[in-house]
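Q: One structure follows; several queries about it will come next.
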Amino acid sequence: MNALIVATLLSASPAPTPITLQQAREEGRQSTTALTALQDLEVSQQDVNIRRSALLPQLSVNGFVGKRWLGRRQTFDLVPDVNNPGEFVQISVESKPTSTGDYDLGAVISQSIYDRAVWKQLEQAGVLRDAQASQAKEEADTAELEAIRRFFTLFRTQSTRQVLDATVKRSEEQLERARALFLAGRVGKVEEISALVNLGNDRISFVQSLSQLVTDQGQLAVWLTRPGTEPVEAVDPGVLQSEPGPAPTIEQAISVAREQRPLLKALEARVSAAELERAIARADYIPKLTAQGVYTRQGPDAGQVFTEPRLQNNFIGRINLDWNVFNGFLTPAQTKRAEANVRKAQLQLAQSAREIEAEVRTAHQSLEAQIVAARLSSENREAAVQGLNLAEERFKAGAGSTLEVRDAQLSLTQAELSLLENRIDVEIARFTLMRAMGALMSPGETK
């Protein structure tokens with residue numbers, strides 16, 4: 001009956017795609033948030049190339065072809081005075097409209113010889129790129145942890161359904177025993193009715209759990225950038241068949257976090273970037289030196305400009321010195337603003353370091369508590385199994401009731417669910433601690 005219910009509900013659904021924990025970790029690092037962070041890293045890399053371009057030679061070629069029109073105009077010329085030899089007089093002359101060609105071809109090459117600000121900007125771009133690389137690692141770790149959490153959430157729901165399915169089977173067996181004892185005249189009809197009601201309630205709980213299963217499947221599939229309609233199945237990672245390992249010491253956990261947590265590395269790099277911003281502002285006090293070469297060909301005739309290399313040549317070479325002696329106190333203001341940003345970055349780094357230490361401590365304590373809870377749940381389950389066996393033996397002997405068996409069944413179901421819940425919470429807590437330490441080392445990590 002139970003299998004028939006499941007088959008009816010899932011008849012229209014395709015077979016689920018099995019996903020291992022390792023697959024979930026690898027695909028989690030390819031989630032949308034992780035890939036977005038990688039695009040930010042690519043932008044930072046191109047910012048380095050943009051800054052580097054200012055230190056390389058700059059070559060531009062230009063040319064134009066045009067025509068110049070001059071209308072009638074009046075000018076004054078000095079001519080000999082015929083009436084007074086040796087003297088000159090000024091006469092008015094009106095010229096006719098004219099037009100001439102206007103052709104130009106040239107090239108300009110320039111090279112920065114010394115500009116401290118440009119060098120510091122290039123260095124700062126490299127530091128910001130490194131900071132973004134660490135930030136991308138932080139985002140990838142966060143995305144992987146979320147994939148792990150969703151994987152175990154789905155696995156917990158699958159395992160919960162197995163526990164509920166086992167509960168239904170036990171209720172079916174209890175109903176058969178109650179009927180047999182009723183037919184034998186050893187118990188009343190009420191015992192059979194009670195067993196039938198209990199079976200119905202257990203079947204309802206099993207059927208209702210399907211909704212949670214579909215929800216968890218969708219959440220995992222979407223995070224792994226799979227179609228939201230694709231049913232997935234979490235492959236048993238084997239954690240339920242093994243005892244949870246011990247947690248590292250809190251000293252070890254904090255030490256590893258200080259050395260490996262990508263967020264701290266990113267914030268340290270941003271402090272360096274802020275310090276370089278201050279150096280860039282101060283660079284305005286230092287002269288800039290640039291070399292420039294200009295070559296042009298100009299003339300009114302296209303043939304002379306474009307086909308006669310021996311004519312119309314002009315060369316200019318110069319070295320430019322630019323020293324901003326006074327700019328209205330702009331440089332001191334920019335320097336002080338940069339110093340304030342340095343201090344802000346340092347404060348943020350110190351605060352984040354304290355928050356990460358607290359995060360590690362919280363995750364460490366949670367893992368230790370979950371390990372203890374899992375062990376206690378295992379002991380509770382063993383006791384519940386013994387209690388159910390005893391209640392069933394008493395019922396078979398006619399000394400017990402369906403109510404006693406039902407209470408024992410519920411106790412066992414709750415103990416199994418508690419063990420399942422706590423054992424999976426141990427794994428989630430362990431991965432949460434690893435992520436807080438910056439120690440999530442996945443072969444699927446994006447390079």
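Q: Over region 318-378, with every protein chain in place, what whole percent of the accessible area is carbon and sulfur at 1.4 Å, could you tell me?
A: 56
Q: Note the full-extension length gain between residue 311 and residue 210 as 0.36 nm times their separation in residues minus their Cα-Cα distance, in nm to one decimal.
A: 27.4 nm
Q: Modelling each spin label as a point 7 Å along the Cα-to-Cβ direction, I'd like the residue 20/residue 50 distance in nm, to one decimal.
A: Going by the 7 Å Cα→Cβ label model, 4.3 nm.
Q: For the pair residue 193 and residue 322, how long in nm is the line joining their label points, each one 7 Å along Cα→Cβ?
A: Here the answer is 9.8 nm between the modelled labels.
Q: Right, something else. Using the beta-carbon distance between residue 289 and residue 84 and R0 = 60 Å, what value does 1/(1 + (r/R0)^6) give for FRET efficiency, to the nearest 0.05?
A: E between residue 289 and residue 84, to the nearest 0.05, is 0.50.
Q: Accessible area per residue, 1.4 Å probe, Å², for region 226-359: what's the number?
A: Result: 62 Å² of accessible area for each residue.
Q: Here's a follow-up. Under the Kirkwood approximation applied to all pairs of distinct alpha-carbon atoms, what is the hydrodynamic radius of region 291-408 in Å?
A: The Cα-based Kirkwood calculation yields 24.9 Å.
Q: One-quarter of the Cα convex hull surface for region 56-101, in nm²? Present the calculation step by step, with values, prior to reporting the outcome.
A: Numbers: hull surface 27.2 nm².
Computed as one quarter of the Cα hull surface, the answer is 6.8 nm².
Q: Rule-of-thumb check for region 96-167: C-alpha Rg over 2.2 N^0.38 Å?
A: Cα Rg divided by the expected 2.2 N^0.38 Å: 2.93.
Q: What does the net charge come to around residue 339 if you take all other residues with beta carbon closer than 11 Å to its beta carbon, with K and R at +1 and D and E at -1? Spell out each step's value before the answer.
A: On the way: positive: 278, 282, 336, 337, 343, 344; negative: 275, 277.
My count for the surroundings of residue 339 gives +4.
Q: Could I ask something else about it? Using just the C-alpha positions of region 31-185 as equal point scatterers, what log10 of I(q)/I(0) does the Debye formula give at each q in 0.09, 0.11, 0.19 1/Å?
A: Calculated log10 I(q)/I(0) at the listed q: -0.75, -0.84, -1.16.
Q: Considering only the other residues whose Cβ falls under 11 Å of the Cβ of residue 221, what net charge follows from Lys and Arg at +1 and Asp and Glu at -1? All intermediate terms of the calculation are to be shown ahead of the outcome.
A: On the way: positive: 150, 226; negative: 27, 216, 230, 233.
For residues surrounding residue 221, the net value is -2.
Q: Also: Can you tell me the mean projection area, over all orientations, of the convex hull of the chain's alpha carbons? Units nm², please.
A: If you wrap the Cα atoms of the chain in a convex hull and average its projections, you get 41.3 nm².
Q: Here's a follow-up. Could you list the residues of region 22-56 with an amide nitrogen less than 15 Å from a label point located 7 Å from the Cα of residue 225 in the Cα-to-C-beta direction?
A: 24-42
Q: Now, a different point. Residue 73 accessible area, nearest 10 Å², 1.4 Å probe?
A: Per-residue accessible area (residue 73): approximately 120 Å².
Q: Additional query: Quick one: how many lysine pairs in the chain have C-alpha atoms under 19 angstrom apart, if they're 8 or more apart or on different chains?
A: Summing the qualifying lysine pairs gives 10.
Q: Can I ask one more? Quick one: grab Rg to one decimal and Dmax as a whole number for region 126-165, Cα atoms only, in Å.
A: 17.3, 58
Q: For residue 410 and residue 250, compute 0.36 nm times the residue count separating them, minus their Cα-Cα distance, and round to one decimal in nm.
A: Stretched fully, the residue 410-residue 250 segment lengthens by 53.8 nm.
Q: Carbon and sulfur: what percent of region 138-231's accessible surface (1.4 Å probe)?
A: On the way: 2380 of 4220 Å².
Taking all protein chains in place, region 138-231 shows 56 percent carbon and sulfur surface.
Q: For region 40-134, which whole-number percentage of the solvent-accessible area (1.4 Å probe, protein heavy atoms only) is attributable to carbon and sulfur atoms? Please list the in-between numbers first.
A: On the way: 3650 of 6600 Å².
Answer for region 40-134: carbon and sulfur cover 55 percent of the accessible area.
Q: If you place +1 on the Cβ of every Lys and Arg and -1 on the Cβ of every Asp and Glu, how big does the dipole about the Cα centre of the chain come out, in debye to the nearest 20?
A: Dipole of the chain, to the nearest 20 debye: 720 debye.
Q: Then there is this: State the antiparallel share, in %, of DSSP beta bridges confined to the chain, rounding to the nearest 5.
A: 95
Q: Same structure, new question: Going highest first, how would you order 312-321, 346-355 by mean Cβ packing within 10 Å?
A: Those peptides, ordered most packed to least, come out 346-355, 312-321.
Q: With viscosity set to 0.692 mPa s and temperature to 37 °C, compute the Stokes-Einstein D of region 186-319, Rh being the Kirkwood radius across alpha carbon pairs; µm²/s, no decimals. Show your work: numbers first, answer last.
A: Numbers: Rh = 26.1 Å.
D, rounded to a whole number, is 126 µm²/s.
Q: Projected onto the charge dipole of the chain (+1 at Lys/Arg Cβ, -1 at Asp/Glu Cβ, origin at the Cα centre), which of 249, 313, 126 gives the Cα projection farthest towards the positive end?
A: Of the listed residues, the answer is 313.
Q: Moving to a separate point now. Mean projection of the alpha-carbon convex hull of region 359-421 over all orientations, in nm²?
A: That works out to 4.3 nm², a quarter of the Cα hull's surface.
Q: Moving on to the next point. Just the number, please: Stokes-Einstein D of region 27-116 in µm²/s, Kirkwood Rh from C-alpha pairs, 37 °C, 0.692 mPa s.
A: 157
Q: Using a 1.4 angstrom probe on the protein heavy atoms only, could you order 289, 412 from most to least accessible area?
A: Working: 289 60, 412 10 Å².
My answer, sorted largest first, is 289, 412.
The values are calculated or read from the model by the stated rules, or taken from the named source; none is laboratory data. Treat the numbers as computed from the prediction; the structure is a model and nothing was measured. All Cβ positions, glycine included, derive from the backbone under ideal geometry; neighbour counts span all protein chains shown. These area figures cover heavy atoms from the full protein model, side chains too; ligands, DNA and RNA do not enter into them. Shrake-Rupley method; radii C 1.70, N 1.55, O 1.52, S 1.80 Å.
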